[in-house]
Amino acid sequence: MSFTSHIRPTLVTLGLFTVLFGGVYPLTVTAISGTAFADKAQGSLIREGDTVIGSRLIGQNFTKPEYLWGRLSATAETPYNAGASSGSNYGVNNPALHEAATARKTALGVEGPVPVDLITASGSGLDPHISPAAAEIQVPRIAATRAVPAATVRAAIDAATEGPTLGIFGEARVNVLEVNLRLDGKFK
């Protein structure tokens, strides 16, 4: 057997696998996901007419008292910047973690215990959800600022609360953007 008799099958196999796994397979998966999960494949975008106002998958920075506040963002400079996503990597003994948590609790104006997800960043720093307990603790502030009954705020929270994935994975969670859009009358 000559050297070229080994090269030819190798090159043919390389070409076949390149076309198959570098072209056909990715295009097929993209086509299937774009058809079967069109909303998710496009980023789970929330639109107002033709304008994109957010995504169900990436948090936004709400700091005004009339809005539900999400988790702290660990992204540098611009909060919830997906291009700069990273965790804070602060350990429980790190003073920076305690300072950030204390500052957030003070900004919330809440006495007593606060749900941990409301005063710490998520692993990616982009989490769009908070726990129902973290949402509930903010109801009095939002209701007072908007001069609406607390039941109105709770109804918006309830409508934007998702149960565990497939009914068993994870915990109930509240999509902060959806609540705020409902409170503004922009999301039904």
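Length gained on full extension, Ala147 to Thr102: 13.4 nm, using 0.36 nm per residue less the C-alpha separation. Each of Asn94, Pro164, Phe37 was placed along the dipole of the chain (beta-carbon charges, centred on the mean Cα), and the one lying farthest toward the positive end is Phe37.
Could you tell me how many degrees, from 0 to 90 and to the nearest 10, lie between the Cα long axis of helix 3-19 and the main elongation axis, the longest principal axis, of the Cα atoms of the chain? Helix 3-19 sits roughly 30 degrees off the main axis of the chain. Largest mean-square fluctuation among Val139, Val52, Val174, in a Gaussian network model of the chain whose springs join Cα atoms under 10 Å apart, belongs to Val52.
With the cut-off at under 15 Å, measuring from each backbone N in the stretch 153-170 to a point 7 Å along the Cα-to-Cβ line of Lys40 picks out 163-170.
What the Cα convex hull of the stretch 1-62 gives, in volume per residue, is 125 Å³. Each peptide in 175-181, 112-118, 4-10 receives the mean, over its residues, of other Cβ atoms within 10 Å, and ordering these scores from highest gives 175-181, 112-118, 4-10. Here the Karplus relation 6.51 cos²θ - 1.76 cosθ + 1.60, evaluated at θ = phi - 60°, turns the backbone of the stretch 95-111 into coupling constants of x, 4, 5, 5, 5, 5, 5, 5, 4, 5, 5, 5, 5, 5, x, 10, 8 Hz, with x for every Gly and Pro. Rounded to the nearest 0.05, the FRET efficiency derived from the C-beta distance between Thr63 and Leu27 at R0 = 45 Å is 0.60. Among rounded, prolate and oblate, which fits the stretch 35-188 when a ≥ b ≥ c are the square roots of the eigenvalues of its C-alpha gyration tensor, a/c under 1.5 means rounded, and a/b larger than b/c means prolate? Oblate. Were the residues from Val19 through Asp50 laid out at 0.36 nm apart, the gain over their Cα-Cα distance would be 7.4 nm.
Relative to the longest principal axis of the Cα atoms of the chain, the long axis of helix 25-36 lies at roughly 40 degrees.
Please state the shape class of the stretch 1-104: rounded when a/c is under 1.5, otherwise prolate if a/b exceeds b/c and oblate if not, all from the C-alpha gyration tensor. Oblate, because a/c is 1.5 or more while a/b does not exceed b/c.
Bear in mind these aren't lab numbers, they're just calculated from the coordinates by the rules spelled out. All values reported here derive from a predicted model rather than from experimental measurement. We place every Cβ from the backbone using ideal geometry, glycine too, and count neighbours over all the protein chains shown.
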